[in-house]
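The values are calculated or read from the model by the stated rules, or taken from the named source; none is laboratory data. Keep in mind the model is a prediction, meaning the values are calculated, not measured. With ideal geometry, Cβ positions are generated from the backbone for all residues, glycine too; neighbour counts draw on all protein chains shown. Ligands, DNA and RNA are stripped out before the accessible areas are found, and what is left, the full protein with its side chains, is counted by its heavy atoms. Shrake-Rupley method; radii C 1.70, N 1.55, O 1.52, S 1.80 Å.
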Amino acid sequence: MASNGVNKPLVGILMGSDSDLPVMQEAVKVLEELGVGSEVHTLSAHRTPEAVVEYVTKSEASGYKVFICGAGGAAHLAGVVAAHTALPVIGVPIMNKTTAGIDALFATVQMPPGIPVATVAINGAKNAGILAAQIIGAGDSNVLQNVRTFKEKMAKDIKAKDSELQEKGFKKYLEDKGLI
Ligand code: RP5
């Protein structure tokens with residue numbers, strides 16, 4: 001089982017192809033950082049439709065809380081998962097060379113009324129992981145605290161960068177970062 005090593009998996013992360021994994025790993029990693037167990041699978045709405053339904057049914061029965069689904073092109077995975085569960089589904093449209101992911105964005109976000117998919121940005125797997133943790137955090141004070149700490153650290157990092165920028169000026173700042 002490809003779990004992220006945190007206790008019991010509560011988030012099922014599905015992707016249409018292993019070619020989505022370089023993007024989707026960001027969801028796995030941030031969930032690990034936030035102390036939320038996840039499990040990652042390659043399952044396709046088009047290539048393995050029965051296996052998708054079987055996985056969703058089994059995971060819902062075993063106590064999973066959220067699904068994250070990444071797919072590119074004609075991206076129907078998140079919608080199909082949402083059609084088969086009452087649990088929240090987060091969709092990650094995956095970028096491709098042909099349309100830069102616009103097709104996947106529209107296919108994922110334009111769900112019919114009654115079957116929502118919470119769609120993050122194209123390739124926004126990290127935000128999908130954070131959002132999944134926030135959903136779980138609404139009923140789990142430890143996870144909620146982990147999300148708070150994560151956000152506080154981000155704010156601290158930005159403030160430290162601003163102090164450095166003010167101290168050095170923009171040219172030296174960029175030089176030191178190797179950006180010019
Ligand atoms: C989608 O088709 C997958 O989610 C992937 O983004 C895209 C291409 O799949 P591969 O041809 O790389 O397997 O179903």
* To do: From the P(r) of the chain, can you give the percent of Cα pairs sitting at distances over 21 Å?
  => 52
* Asked: For region 1-93, with only Lys/Arg (+1) and Asp/Glu (-1) charged at the beta-carbon, what is the dipole magnitude about the Cα centre, in debye rounded to 20?
  -> 140
* Dipole of region 9-139, positive end: most advanced residue of Val81, Ala107, Val30 [Cβ charges, Cα centre] -> Ala107
* Which entries of Lys65/Lys126; Lys29/Lys65; Lys8/Lys29; Lys126/Lys153; Lys97/Lys177; Lys29/Lys161 show an alpha-carbon separation above 20 angstrom in the structure shown? -> Lys97/Lys177; Lys29/Lys161
* Structure fact -> CD proxy, 222 nm, the chain: helix-only mean residue ellipticity via -39,500 (n - 2.57) per DSSP H run with n ≥ 4, per residue, nearest 500, stands at -15500 deg cm²/dmol
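Send over the per residue convex hull volume for region 51-97, Cα only, as a whole number of Å³.
61
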* Measure nothing but the geometry: give the 0 to 90° angle between the long axis through the Cα atoms of 21-33 and the longest principal axis through the Cα atoms of the chain, rounded to 10°. => 70
* Rounded to the nearest Å, what's the spacing between the alpha carbon centres of region 137-180 and region 21-52? Just the number, please. => 27
* To do: Between Ser3 and Lys159, with labels modelled 7 Å along Cα→Cβ, what's the label distance in nm to one decimal, could you check?
  => 3.7
* Accessible area expressed per residue, the chain, with surrounding protein chains retained (probe 1.4 Å, Å²) -> 55
* Kirkwood-Stokes translational diffusion coefficient of region 81-133, alpha-carbon pairs, 10 °C, 1.306 mPa s, µm²/s -> 138
* Hey, can you rank 49-56, 142-149 by average C-beta count inside 10 Å, highest first? -> 49-56, 142-149
* To do: Relative to the longest principal axis of the C-alpha atoms of the chain, give the angle of the C-alpha long axis of helix 49-61, reported between 0 and 90° and rounded to the nearest 10°.
  => 80
* Using a cut-off of 13 Å between alpha-carbon atoms, which aspartates and glutamates can reach Lys168, once sequence neighbours fewer than 8 places away in the same chain are excluded? -> Asp176
* Asked: Any idea what angle helix 125-137 forms with the longest principal axis of the chain, computed on alpha-carbon atoms, 0 to 90 degrees, nearest 10?
  -> 70
* Can you give the FRET efficiency for His41 and Ser19, using 1/(1 + (r/R0)^6), R0 = 22 Å, r = Cβ-Cβ distance, to the nearest 0.05? -> 0.95
* Ordered by packing density, taken as the mean number of other Cβ atoms within 10 Å over each peptide's residues, highest first, how do 70-76, 101-107 rank? -> 70-76, 101-107
